[in-house]
Structure formats: C-alpha cells, structure tokens
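The next block holds one structure in the form of structure tokens; read it before the comments.
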Amino acid sequence: MKIKNVVVIGSGTMGSGIAAHLCNANVPVTLLDLKTEISEKAREQIYKSKPPLLIDKSKINNINVGNISDDFDVVKEADWVVEAVVERIDIKHQIYEKIFKARKDGAIVSSNTSSIPIKVLSEHLTSDEKKDFCITHFFNPVRYMGLLEIVKNENNDLNKINQLKEFCEVELGKGAIICNDTPGFLGNRVGVYAMQIAMTEAFKMKLTIEEADAIFGRPMGIPKTGVFGLYDLIGIDLMADVLKSFIKELPKSDEFHEVAKEIPLVKKLIETGYTGRKGKGGFYRMNKTGATKVMEAINLETGDYSVSKKINIRSDKVDLKGLINRKDKYGTYAWSVLSKIIKYASSLVPSITKEFNDIDEAMRLGFNWAKGPFEMLEEIGVNNFFDKVDDFKGNNFLENLSKKKNENFYGERQKYTSIETLGKVKKTASNTDGNDSAKIYRFNDYNIVEFTTKANALDYDSMDALKKATDKPLIIINESMQFSAGVNLTYTMEFADKNDFKSIEKFIKYFQETCKHLKYSKHPVISAPSGLTLGGGFEVMVQSNFVASHTNIVVGLVETMVGLIPAGGGCKEMLARWLDTKEAKADPNFAPLKVFDIIGFGRTATSPVEAEPMKYLKPEDKKIMNRNSLLEVCKKVLNENKNFKAPNEFKFKLPGKTVRVEMDKILDKLYNDKVILDHGVTVAKELAHVLSGGDTTIDKTLTEDDLYKLELNAFMKLIETKETQDRIKHTLKTGKPLIN
C-alpha cells in the first residue's frame with residue numbers, strides 16, 4: 001500500500017508537529033481535534049512556530065483541519081491514521097473504535113504514545129485490526145529530531161510495518177527503527193535511565209549541579225544542557241510522571257527501579273512550583289536583582305540557591321578515555337555514570353532489540369548524543385573497560401564480550417537502514433589522516449573531510465585538512481549536529497588579547513586562500529550541510545562547486561552581529577550571485593544594496609526553501625529530506641561530473657561611491673531610529689566599503705582577489721577595535737549579541 005493521504009487525530013504539540021512534517025513532505029494531511037477551532041489554532045501555531053516546524057510557510061494551507069464529530073469521514077480516505085491524543089487509555093480506546101469502523105481496508109493505524117504498550121492499546125481490537133496497528137513514536141520537535149521508533153509485536157503484518165518504515169525513511173527523512181513492545185521502547189528506556197544515573201550519582205558524590213552538567217554534557221558527546229539543565233527543559237513534574245510509568249511497567253528486578261526512587265528535593269521542587277523552565281525555575285532559576293537577571297543554581301544538599309558558577313574542566317573535546325582516567329572527582333563521576341549506562345544498555349539486548357547498535361542510533365537520533373552506549377564502549381576499549389568495571393553477572397552481552405575480549409566487536413553501523421550512510425562508509429576508508437580539527441577519510445575515488453571541533457568551528461587546522469584532501473574529488477560532510485557554526489572566535493580572540501593581529505591576518509589570508517583553492521581545484525568539491533552553516537561554514541559551502549543540503553539547515557552570514565564582516569569570500573560570493581540577475585544588469589546599485597541588506601542584518605534561512613530567494617543556495621543545489629542520504633547524493637553528483645572543469649573566475653563591476661551614498665542614507669535612518677548604535681554604524685560602513693567595491697567606479701573591472709583584499713582590510717580594521725572585541729567576548733560568554 002502506498003501512503004498518499006494521512007489523518008492525524010489530536011492537535012497538541014506532537015499531533016501538530018507530525019502534521020507539519022507530513023506537509024513538509026508534500027503529503028496531504030488532515031488534522032482533527034474535538035473542535036475545529038482547536039485544530040485551526042494549532043495550524044496558526046504551526047505557522048508561527050520557532051524554530052519553524054515548516055520548511056516553507058506557504059505549505060500551511062496544505063494542512064486541512066476539522067473536528068472528530070463532523071469531519072470524521074476523512075478517515076475513510078486515509079492510508080495512514082495517526083492517533084496523537086492525550087495519554088489516557090480510555091480516550092484512546094474510544095478513538096480506535098471510531099477509526100476502525102471508518103477506515104478503509106488495510107489502512108495503517110498508529111499511536112504516537114511514548115510509553116503505553118501495544119498490548120494495552122490494542123486489547124479491544126480484533127486479530128485483523130491488530131495486524132495493521134502499531135506505535136509510531138516521533139520525537140519532539142518532529143521536524144528536527146531524526147528518530148522515529150516503530151513499535152511492533154507478534155500480531156503485526158510485518159510487510160505493512162516495513163512499508164511504513166520505508167515511507168517514513170524515504171518521504172519523511174526519518175531514522176525509522178523497528179523495535180519490540182517493551183516499556184520506553186529504545187530511546188526513552190536508555191535515555192531516561194542515563195539521566196537518572198547522572199542525577200543520582202551527582203547526589204551521591206555531592207557534586208554541584210554545574211559540575212555534573214559540565215561532565216554529563218559536551219565531554220561525553222551529550223548536548224550541553226547536561227542532566228539538570230535537561231530536567232529543567234523537559235519539566236521536573238513531567239519527568240516524575242515518566243518515572244512513575246516506568247516503575248509501573250518494568251519488573252521489580254530491573255535496575256531502573258534503583259535510579260527511579262523518589263528524591264525528596266525533587267518532590268519539594270514540584271510541590272513548590274519549581275518545575276523547570278515552564279515554572280518558577282527548577283534546578284536552575286533566573287533571579288532578578290534590581291535591573292539585572294542572574295542565573296542561580298540549587299544546592300543539592302541544602303536546597304538553597306546561589307549564583308551559578310561556570311565550571312571549566314579544561315576539555316572541549318569528546319575524549320572518553322581521557323575523561324574516565326582523570327584522577328579527580330570528575331573522572332570518578334564520568335566513569336561511574338558511563339559504566340552504568342553501558343551495563344544497563346547491554347543488559348537490554350536482545351529483549352528490546354536484537355541489534356545492539358539500534359540502541360546507539362536511538363540515542364544519536366532521539367537524544368542528540370554523539371555516540372551511543374556501545375560506541376562509548378568501543379571508544380573506551382574493551383580491555384580497558386573490563387579492567388575497570390565491577391560486577392556484571394547475568395549480563396549476557398558483557399559476559400560473552402569479556403570472554404572474547406574482541407576490540408572490534410562493533411561491526412557494521414546503522415543496520416536499521418539500507419542507505420549507504422557516512423557512519424557506515426567511514427569504517428571502510430582505505431586510509432585516515434587529518435588533525436585535531438578535521439579528519440580525512442580516503443577512498444579510491446574520493447576523499448571525505450569531517451570537521452571535529454566544538455560546533456565544528458573552523459581554525460587553521462580545519463583549512464589544512466581541506467587543502468590536503470583536494471588531491472581527489474572531495475566531500476565535506478559530518479555526522480554532528482552542525483555543519484559549521486563559523487570561524488572559531490575563541491581561537492581568534494586568543495590572538496587579539498595578546499595584540500597579535502598579524503597572526504589573525506595570517507589566518508584570514510589562509511582561510512581565503514583555502515576557500516579559493518576549493519572553488520578552483522582540479523577536482524570537484526561538494527559540501528553537504530546540515531544544521532548550523534553560518535559565517536565561515538557558509539563560506540566553505542558557498543565556495544564548493546556543488547552543494548547537497550539537508551532540509552534542516554540554518555544558513556547565513558552573521559558576522560555583523562559580532563562586529564565583523566565576512567572575510568572568507570562571503571561578501572564576494574553573495575555579490576557575484578546577485579550581480580548575475582536581470583535586476584543587477586539594469587541597475588548597478590541593485591546587487592550591492594541587496595547584499596548590504598542581507599549581510600548587514602545577518603539574515604538567516606532555516607531551510608533550503610528560505611535560503612534560495614536570498615541566494616544562499618542555488619536552484620540546482622540538491623535538497624534532501626533524509627540526512628542519512630546526503631553521502632549517497634554527494635557520491636552520485638561526483639559520478640555525474642567525471643569530466644569536471646573548474647569554473648571561470650568571476651569579474652566584478654561595482655559602482656563605488658555612488659552606491660555608498662544610498663547605503664549612508666539607510667544607515668542614517670537606522671541610527672536615528674536607534675535600530676543600530678555607534679559601533680553598528682562603524683561595522684556597516686566597512687561592509688558598505690567592501691560591497692561597493694571600495695575606491696572603484698563602474699567602468700573598472702575587479703577580480704576575486706581584489707574583493708578578498710577588501711574583505712580582509714575591513715575585517716582587520718574591525719577586529720582591532722575594542723567595541724568589536726567587546727561584542728565577541730559578550731557573545732562567547734552569553735551566546736547573545738551585544739548592541740553597542
């Protein structure tokens with residue numbers, strides 16, 4: 001059966017997210033709730049959502065809405081009906097009775113529940129109805145979270161389940177993993193246990209919440225919120241309900257019971273309204289002292305709040321071996337948490353899934369971990385792990401591994417999909433080299449460069465790896481959340497703090513040289529961006545010969561926010577793209593003014609659909625729903641361009657002073673309206689100088705090197721100012737721009 005029409009029942013957060021994502025995939029969808037106005041309101045919220053649930057806001061009208069009393073007949077036409085109503089069994093059973101009376105023969109029916117087993121949901125269904133009923137557990141926000149757990153049991157028609165999996169993988173771009181009907185399925189079973197062990201060990205070891213979050217975060221390849229920050233984000237009261245559900249469903253022998261015991265401090269927080277970010281605060285709270293807001297953290301022993309302290313463990317990289325071997329409390333905590341997570345996850349094989357690496361993929365796709373528990377074990381090393389670990393009696397997986405001591409136990413990755421993913425291909429590289437900032441994977445016909453720094457920020461070593469890898473066709477791609485958040489500002493400020501501006505200039509020149517080398521290399525270069533592709537990351541992408549973009553990108557040139565201008569060719573490339581328009585051919589001021597607006601305001605696009613009108617992406621650039629498919633698409637592009645020839649260099653004719661007069665008028669208005677302040681004007685004037693072509697006239701021809709020089713000079717003028725340095729330091733400290 002092909003899925004051409006879907007009905008989603010329940011327009012809450014998850015139902016709305018599922019409907020929006022079906023819309024992104026151009027699948028006709030109807031959203032039903034108790035009253036039509038509830039569904040209408042949900043549609044409005046989808047339209048206004050931040051981050052946006054829709055790849056293209058114009059698609060909003062593709063979502064039909066209605067109510068379950070008057071419009072239930074739409075179910076008769078649906079190939080797939082998704083139930084996403086409140087987590088109450090009685091209400092779900094009532095809905096299923098209506099659905100199965102109305103649905104057409106063979107239509108799939110699924111529940112988006114995160115915790116209720118199929119056996120409970122389907123207890124009133126006939127044997128034929130049970131064949132077509134399953135759980136499709138999407139993760140929130142649906143557009144951005146890669147994981148979809150399709151939960152089956154012995155009653156299912158496996159052909160139908162596999163058809164649904166293929167649809168969700170190909171059309172919706174999901175990492176669709178089929179798993180057994182066990183409490184918490186894959187992701188939540190391990191993810192919630194991991195959170196609980198990280199929390200309970202912090203209590204036992206008398207760590208501060210900042211210390212625990214500093215370890216159970218980036219150093220482990222886990223999102224920077226840490227455990228206590230994540231608890232606040234999810235909601236402390238909601239987490240308490242989740243734990244109760246696990247306690248109810250899991251056998252008493254399960255280790256989960258030990259970590260799910262009620263903690264008096266947590267109970268007190270809930271009772272007093274400190275339920276996290278949605279309440280008065282939680283483990284962290286924002287306290288207002290006069291006009292100043294101060295972040296405070298709770299003391300786990302006393303329950304008192306004090307000003308939150310930043311913990312520097314002197315490690316930004318994921319280095320699990322180094323972390324667990326530290327001779328301090330951080331090393332002890334890291335080992336205690338990691339070893340228990342690995343022991344628990346391995347104890348679940350094969351009961352929740354026979355493929356242990358499905359658990360890893362669930363953690364990577366559903367919780368944004370860089371590595372799952374078994375990948376962590378692989379990195380720590382089998383012998384190293386067993387030298388340190390305590391009792392694991394009864395854990396069949398670890399008992400077998402301890403006998404074999406096979407360091408290469410992992411085998412193939414991402415078995416849940418037949419797609420040739422980056423994760424699978426990396427292991428087959430004929431040779432691997434690179435440096436601390438980027439890895440180079442070498443194959444017979446092409447190379448891959450994968451950035452490896454925090455947020456994949458770019459530095460000298462990143463450029464070295466790119467240059468070194470252009471001896472063959474090159475694919476720039478990675479598995480982390482971001483393609484690249486831009487040039488490493490911390491790296492830049494280390495030089496600025498020493499007044500070593502020559503080193504900054506040397507780096508920017510090398511950055512420019514590398515980007516130009518990519519663009520005019522003998523072999524084709526293709527970038528495969530996903531996530532943040534900003535500043536320098538955008539400049540690498542835009543000066544590649546081809547682009548295959550994931551639909552979930554945030555792309556743009558945002559340097560003005562930190563008091564700088566793009567200097568790796570970003571201004572140059574945006575000018576070239578806008579000069580190549582019919583409007584620019586008729587009006588020499590058109591392109592510089594257009595780019596002045598885009599870069600000056602640091603405008604970003606949150607999808608390829610938004611990126612194209614700004615010319616961040618071209619119509620011919622590939623746009624892909626399933627991130628796993630990026631590598632396959634890149635390889636196909638390279639195969640189609642065996643006779644590649646580097647492009648001709650672009651020549652610029654720019655109006656110089658005449659367009660700067662127009663730019664100055666814009667700046668005067670913005671300044672008078674207090675949209676920008678003094679340094680904003682300074683930054684904008686430097687940008688105007690570059691985009692106008694500097695001291696040129698329309699009859700002169702400028703080369704790409706001329707534009708690179710203009711970018712470099714403007715960048716260096718700005719980086720030497722105290723105001724720009726203040727902006728950078730403020731952004732690094734707070735994550736927010738400083739307006740000065």
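List every residue pair whose Cβ atoms lie under 9 Å apart, where the two residues are 6 or more positions apart in sequence or sit on different chains, the first residue falls within region 322-335 and is in a helix (DSSP H, G or I), and the second residue, located anywhere, is polar (S, T, N, Q) and surrounded by fewer than 18 Cβ atoms within 10 Å (Cβ to Cβ).
GLY322/SER315; LEU323/SER315; ILE324/THR332; ILE324/ASN384; GLY331/ASN325; TRP335/ASN325
The conditions are (1) under 23 Å from PHE650 (Cβ atoms); (2) touching a His at 6+ places or on another chain (Cβ under 6 Å); (3) small (Gly, Ala, Ser), and GLY537 fails exactly one of them. Which is it?
(2)
Would you mention how many residues in region 420-451 are closer than 30 Å to SER503 by Cα and either of a type in the set (Lys, Arg) or surrounded by 19 or more Cβ atoms within 10 Å (Cβ to Cβ) (or both)?
So the answer is 11.
Cβ-Cβ under 6 Å, sequence separation 6+ or interchain: first residue in region 29-52 and more than 24 Å from GLU171 (Cβ to Cβ), partner surrounded by 22 or more Cβ atoms within 10 Å (Cβ to Cβ). Which pairs?
Correct list of pairs: ASP33/SER11; ASP33/SER39; ILE38/SER11.
Being in a loop (DSSP other than H, G, I, E, B), within 23 Å of TYR193 (Cβ to Cβ) and aliphatic (A, V, I, L, M) is the filter here; which residues of region 260-300 pass it?
Correct list: ALA260, ILE263, LEU300.
Quick check on THR731: is it at negative phi, among the polar types (S, T, N, Q), assigned to a loop (DSSP other than H, G, I, E, B) and surrounded by 16 or more Cβ atoms within 10 Å (Cβ to Cβ)?
no
Taking helices (runs of 4 or more DSSP H) that fall entirely within region 202-257, which contain at least 2 residues that are under 16 Å from LEU338 (Cβ atoms) and not charged (D, E, K, R)?
Fully inside region 202-257 and qualifying: 209-215, 226-234.
Return the only residue of LYS653, LYS685 being in contact with a strand residue (DSSP E or B) (Cβ under 8 Å, 6 or more places away or on another chain) and closer than 23 Å to GLY568 by Cβ. Before you say what the answer is, go through the steps one by one.
On the way: LYS685 fails: in contact with a strand residue (DSSP E or B) (Cβ under 8 Å, 6 or more places away or on another chain).
Testing whether each residue is in contact with a strand residue (DSSP E or B) (Cβ under 8 Å, 6 or more places away or on another chain) and closer than 23 Å to GLY568 by Cβ leaves just LYS653.
Look through region 612-667, keep the residues that are of a type in the set (Lys, Arg), under 24 Å from the mean Cα position of the chain (by Cα) and not in a loop (DSSP other than H, G, I, E, B), and return whichever of them is nearest to GLY366 (Cα to Cα).
ARG627
Determine which member of the set ASN112, ASN153, ASN140, ASN162 is within 25 Å of the chain's Cα centre (by Cα), surrounded by fewer than 19 Cβ atoms within 10 Å (Cβ to Cβ) and either in the same structural domain as VAL27 (by TED's automatic domain parsing) or over 25 Å from ASP241 (Cα atoms) (or both).
Result of the check over ASN112, ASN153, ASN140, ASN162: ASN140.
Answer yes or no: is there a residue in region 412-426 that is part of a loop (DSSP other than H, G, I, E, B), in the same structural domain as LEU532 (by TED's automatic domain parsing), touching a strand residue (DSSP E or B) at 6+ places or on another chain (Cβ under 9 Å) and without any contact (Cβ under 8 Å) to a residue 60 or more places away in the chain.
No, the conditions are met nowhere in region 412-426.
Taking region 463-522 as the region of interest, how many residues are of a type in the set (Asp, Glu) and in a loop (DSSP other than H, G, I, E, B)?
To start, the set of residues in region 463-522 that are of a type in the set (Asp, Glu) comprises 464, 471, 479, 494, 497, 500, 505, 513.
Those still in the list that are in a loop (DSSP other than H, G, I, E, B) too: 479, 500.
So the answer is 2.
Do we have ASP181 as in contact with a Pro (Cβ under 8 Å, 6 or more places away or on another chain), more than 30 Å from GLN482 (Cβ to Cβ) and touching a residue at least 24 places away in the same chain (Cβ under 8 Å) here?
yes
Can you pull out the helices (runs of 4 or more DSSP H) entirely within region 339-396 that have at least 1 residues that are more than 27 Å from the chain's Cα centre (by Cα) and over 29 Å from ARG143 (Cα atoms)?
Helices (runs of 4 or more DSSP H) meeting the threshold: 382-388.
Taking region 691-720 as the search range and keeping residues that are among the β-branched types (Val, Ile, Thr) and buried (at least 17 other Cβ atoms within 10 Å of the Cβ), which one is farthest from LYS498 (Cα to Cα)?
Per the criteria, the residue is THR696.
Here is a list: PHE100, PHE72. Which entry is under 23 Å from GLN163 (Cβ atoms), without any contact (Cβ under 8 Å) to a residue 60 or more places away in the chain and touching a helix residue (DSSP H, G or I) at 6+ places or on another chain (Cβ under 8 Å)?
None of the other options fit; the residue is PHE100.
Only one of these conditions is not met by TRP578: (1) surrounded by 22 or more Cβ atoms within 10 Å (Cβ to Cβ); (2) touching a helix residue (DSSP H, G or I) at 6+ places or on another chain (Cβ under 8 Å). Which number is it?
Result: TRP578 passes all but (1).
Need the failing condition index for ILE440 against (1) in a loop (DSSP other than H, G, I, E, B); (2) modelled with pLDDT of 95 or more; (3) among the β-branched types (Val, Ile, Thr), just the number.
The number of the failed condition is (1).
The values are calculated or read from the model by the stated rules, or taken from the named source; none is laboratory data. Treat the numbers as computed from the prediction; the structure is a model and nothing was measured. Using ideal geometry, Cβ is built from the backbone for each residue, glycine included, and neighbour counts are taken over all protein chains shown.
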